[in-house]
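Below is one structure, written out as structure tokens; the observations come after it.
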Amino acid sequence: MKEIESKELQKWKDKYPLLKKLISMDEVFWLNPNVVDFHTGIKKSPLNHKDVRDAEERLKRFAPFIAKVFPETKEMNGLIESPLVRIPAMKRSLEQAYQQPILGELYLKCDSHLPISGSIKARGGIYEILKHAEELAFQHQLLTLQDDYSILDSDRFRTFFSHYSIAVGSTGNLGLSIGIISAKLGFNVSVHMSSDAKQWKKDLLRSKNVKVIEYEADYSKAVEEGRIQASNDPTCYFVDDENSHDLFLGYAVAASRLKKQLEEQEITIDEDHPLFVYLPCGVGGGPGGVAFGLKLLYQDNVHCFFAEPTHSPCMLLGLMTGLHDKVSVQDVGIDNVTDADGLAVGRPSGFVGKTIEPFLSGNYTVSDEQLYKLLKELVDTEGIHLEPSALAGMIGPSKLCKEGIEYLQQHHLTEKMSKGIHIVWGTGGSMVPEEMRTKYYEKGAKLALEKQQ
Ligand SMILES: *Cc1c(COP(=O)(O)O)cnc(C)c1O
């Protein structure tokens, strides 16, 4: 669909009252009218528990290789996992700033500190490349299920993989993950970067022998170019961020890892102790995969919300209109210009939108200004540095408690909130260079000050 005609758009605005606010780029909070109970939803799903377990097993097979080539994962025996931390000081700060009590405990899932590439993309991106490498090695009888996969760290395998290439389009973080793991295995890898991608991410990749191709246009264009390059070369494998089931499944493995962490910290999730999860959303694979994995484990006791920038609410637009990838934010006059580079996506994944639709509780938008203020506040209160995109989840608990009363009533949650757990998914930030970190913080400080005056 190209730009929507004004008559058509007016019809939509009448049908979806929130659309006007969305187009004005005001913050909105949307409840998904198509959410159903877990057992009804899973019947329609193209993926299931078995698919996620298969991904989990594959990551276990690769763990000896990962531990060997990325020493920072050694302590975790080659599992790429991040801490779950309680953030009570940030909770108090949010309650004050938004004049809204947050009932229940507040936690941060620090995917910002995932080893190897410092963002949620270290889950899906790395998983997809490992799966591809395994398939190639199986086909050529170089590897069996019984092998210790640390043998992949050898000239023999690197030479083998050097006959194959990998391509991906990215706003930055996916490129980092795919580039680093592919180069480590020995693949030739090209990353097609959108105009939003930060210079340091490009520099870092080039230093690791990754070919970086830059575009003036946005994410969708970078993906399109990557796809074209790959289709002309039979030895080239294209990581399709818009449609990939493997990426989605790699993200979904996060759920069983989180469940284990909650159990270790003696945090109960059940009918009387609901779990709320707030996930920053770009094209949808990361938050969609994590949410899907969590629904499989916690079913109706987990409630997932996506968060998007006010300038790039592509998933919300796709879900609200039911058009999914047939509509872009530009079609309705939204510019897709945001400092939240990981979320600067104008058109959502249709696959993710349709898969997650029966399970997602809602979606909200947040302004860039808020992201910076929250970034500064998290440093001040908890000493944790995230990148702007990764703060989109942080305002979720306040919004739910303030604007989601209808949802809480419908799902009989009102009385249970004080025993609830809120997990904000901190999707990236530990690899941001010091200098940029300072700039982000200062911007947040300046904005906070302006508000006071
Ligand atoms: C990619 C990314 C997301 C969102 O993931 P999608 O799969 O694009 O929806 C969120 N936060 C950060 C920091 C990211 O890099």
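The values are calculated or read from the model by the stated rules, or taken from the named source; none is laboratory data. It should be emphasised that the depicted structure is a prediction, and the values quoted were computed from it without experimental measurement. In this analysis, Cβ positions are derived from the backbone assuming ideal geometry, glycine residues included, and neighbour counts consider all displayed protein chains.
Considering the conditions (1) within 24 Å of Ser119 (Cα to Cα); (2) away from the ligand (no atom under 12 Å from the Cβ); (3) not β-branched (Val, Ile, Thr), Met320 is excluded by exactly one of them, (1).
Restricting attention to the stretch 331-363, the residues that are away from the ligand (no atom under 12 Å from the Cβ), crowded, with 23+ Cβ neighbours inside 10 Å and among the hydrophobic types (A, V, I, L, M, F, W, C) total 2. I'd like to know if the stretch 387-399 contains one or more residues that are over 18 Å from Ser93 (Cβ atoms) and at pLDDT 95 or above. Yes - at least one qualifying residue is present in the stretch 387-399. Criterion applied to Val290, Val210, Val283, Val223 was being of a type in the set (A, V, I, L, M) and more than 28 Å from Asp368 (Cβ to Cβ), and the one residue passing it is Val210. Taking the stretch 368-382 as the range and being under 24 Å from Met193 (Cα atoms), away from the ligand (no atom under 13 Å from the Cβ) and not charged (D, E, K, R) as the test, only Tyr372 passes.
Yes or no: Tyr107 of a type in the set (Ser, Thr, Tyr), surrounded by fewer than 20 Cβ atoms within 10 Å (Cβ to Cβ) and touching a residue at least 40 places away in the same chain (Cβ under 8 Å)? No.
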